[in-house]
Amino acid sequence: MSDFEQDEAEEIEVFTDEEGNEYYVHRYVDIGDKKYAILVYIDDEEELEEETEECDCSEDACGCDDECEVEIARVEIMADGEQAFVFIDPEDPEYDKVCEAYEKLMDSEPYEA
């Protein structure tokens, strides 16, 4: 079973999957009666340093450290009332629908710096 918690200090929701990977909830998107979460992978500092060391290109010109892992998960409410995330495969048509809805949502909202 995976853990879902909310960090009250910064009000950032953090989700830890069964493999111990941590994600923060970037945004929720509603499509019909279903709710989806845009989850951003929280990279470990050591892992980031290792990836930079393994990269053969120049650090200044490289976008390797700018990569952001994003997952889309359907939010399911369990029988006990707990919230669970069901990851959507990028090959699933449902994934594309959520991406389109997210893009429309972001286009309709004013940019906040």
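Here are the numbers for the structure shown:
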{"read-out": "Among (1) open to solvent by 60 Å² or more (accessible area, probe 1.4 Å); (2) at pLDDT 90 or above, the one test that Glu69 misses", "value": "(2)"}
{"read-out": "Criterion violated by Pro93 - all others in (1) within 21 Å of Tyr24 (Cβ to Cβ); (2) modelled with pLDDT of 90 or more satisfied", "value": "(1)"}
{"read-out": "Residue selected from the range 1-36 under the condition acidic (Asp, Glu), open to solvent by 60 Å² or more (accessible area, probe 1.4 Å) and in a loop (DSSP other than H, G, I, E, B), by the criterion modelled with the lowest pLDDT", "value": "Glu8"}
{"read-out": "Counted residues, the range 84-109 - those being within 23 Å of Thr16 (Cβ to Cβ), open to solvent by 50 Å² or more (accessible area, probe 1.4 Å) and not in a loop (DSSP other than H, G, I, E, B)", "value": "3"}
{"read-out": "Close pairs (9 angstrom Cβ cut-off, 6 or more residues apart or separate chains): without any contact (Cβ under 8 Å) to a residue 60 or more places away in the chain in the range 75-87, open to solvent by 90 Å² or more (accessible area, probe 1.4 Å) anywhere", "value": "Val75/Lys34"}
{"read-out": "Scope the range 72-83; condition exposed (fewer than 15 other Cβ atoms within 10 Å of the Cβ), in contact with a strand residue (DSSP E or B) (Cβ under 9 Å, 6 or more places away or on another chain) and of a type outside the set (S, T, N, Q); matching residues", "value": "Glu76, Ile77, Met78, Glu82"}
{"read-out": "Ile77 being among the hydrophobic types (A, V, I, L, M, F, W, C) and modelled with pLDDT of 90 or more", "value": "yes"}
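The values are calculated or read from the model by the stated rules, or taken from the named source; none is laboratory data. Bear in mind the structure is a predicted one, so any value in this text is a computation, not a measurement. No Cβ is skipped: glycine too gets one built from the backbone with ideal geometry, and neighbour counts run over all protein chains shown. To get the accessible areas, we keep the full protein, side chains included, count just its heavy atoms, and leave off ligands, DNA and RNA. Shrake-Rupley method; radii C 1.70, N 1.55, O 1.52, S 1.80 Å.
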